[in-house]
1. Of all residues in segment 1-49, which are β-branched (V, I, T) and within 14 Å of the chain's Cα centre (by Cα)?
2. Only residues that are under 18 Å from I81 (Cα atoms) and among the hydrophobic types (A, V, I, L, M, F, W, C): list them for segment 18-41, please.
3. For segment 117-134, name all the residues that are over 26 Å from F152 (Cβ atoms) and either open to solvent by 40 Å² or more (accessible area, probe 1.4 Å) or in contact with a Cys (Cβ under 9 Å, 6 or more places away or on another chain) (or both).
4. Yes or no: S174 touching a residue at least 24 places away in the same chain (Cβ under 8 Å), hydroxyl-bearing (S, T, Y) and either open to solvent by 40 Å² or more (accessible area, probe 1.4 Å) or out of contact with any Ser or Thr (no Cβ under 7 Å at 6 or more places or on another chain) (or both)?
5. Return the pair list, or none, for Cβ contacts closer than 6 Å from residues in segment 23-35 that are within 13 Å of V64 (Cα to Cα) to residues that are open to solvent by 10 Å² or more (accessible area, probe 1.4 Å) and in a loop (DSSP other than H, G, I, E, B), at least 6 apart or on different chains.
6. Residues being open to solvent by 10 Å² or more (accessible area, probe 1.4 Å) and either assigned to a loop (DSSP other than H, G, I, E, B) or not hydrophobic (A, V, I, L, M, F, W, C) (or both): count how many of those fall in segment 37-51.
7. Mind checking which residues of segment 1-28 are surrounded by fewer than 11 Cβ atoms within 10 Å (Cβ to Cβ), of a type outside the set (D, E) and farther than 24 Å from Y151 by Cα?
8. Conditions first: (1) open to solvent by 70 Å² or more (accessible area, probe 1.4 Å); (2) of a type in the set (D, E, K, R); (3) not in a strand (DSSP E or B). K54 passes all but one, so which condition is the exception?
Amino acid sequence: QWNFSAWAEMFIIPGEEDFFNPTFYARHKSLHLEARYNYEDKNTASLWAGHRFKFGKGVKFVFVPMGSVIFGNTNGLAPGIELEIAYKKFDFYSESEYVFDFSSRENNFFYNYSELAIRPIDPLRTGIVTQRTRLFESPRELERGIFAEYYFGRFRAGVFYFNPFVSDNFWIASISVDF
């Protein structure tokens, strides 16, 4: 049986043009497929494939090593990994990749996104978030923030606030559906 998920994120950055970041997942048994746009760079797409490993009873682990081809404004290859660890109401999610840019070695880039969360009540997931990206210009090497997501059936809506209370803050609004 196949499982699918579609994500849409809107980056709201003061003083810059907002941009849209869609992501699509497909899973079949241990096969993990992913398509992204405006993720590694603006006007850039990436296609990912990997193998999903799940294990654990009390503490649950999901580990997905994968690889990607990247094309558009940036062209290259990227190895990556997604990791999930869950224990009762707490969870940790992280994804990392290293982009090997075909145009120049100086354009190679390490990306990381991580969340540490709690579910104080069943439909609400909230916590802290960090990311290291080159998707837009920022004086910070590591963006830090807070987030909250609300689950309703197969849908999820979220708000992410990075660099709170400083001049280079920004927002991400997201919605996803599983089918």
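The values are calculated or read from the model by the stated rules, or taken from the named source; none is laboratory data. Fair warning: this is a prediction, and the values are worked out from it, not measured in the lab. Cβ: placed from backbone, ideal geometry, glycine included. Neighbour counts: every protein chain shown. Only protein heavy atoms, including side chains, enter the accessible area calculation; ligands, DNA and RNA are left aside. Shrake-Rupley method; radii C 1.70, N 1.55, O 1.52, S 1.80 Å.
1. Correct list: T23 only.
2. F24, A26, L31, L33, A35
3. Of segment 117-134, the ones over 26 Å from F152 (Cβ atoms) are 130, 132-134.
Of everything in segment 117-134, those that are over 26 Å from F152 (Cβ atoms) and either open to solvent by 40 Å² or more (accessible area, probe 1.4 Å) or in contact with a Cys (Cβ under 9 Å, 6 or more places away or on another chain) (or both) turn out to be T130, R132, R134.
4. yes
5. These pairs meet every condition: S30/R52; H32/R52.
6. Qualifying residue count for the region: 9.
7. Listed by number, the residues that qualify are P14, G15.
8. Unmet condition: (3).
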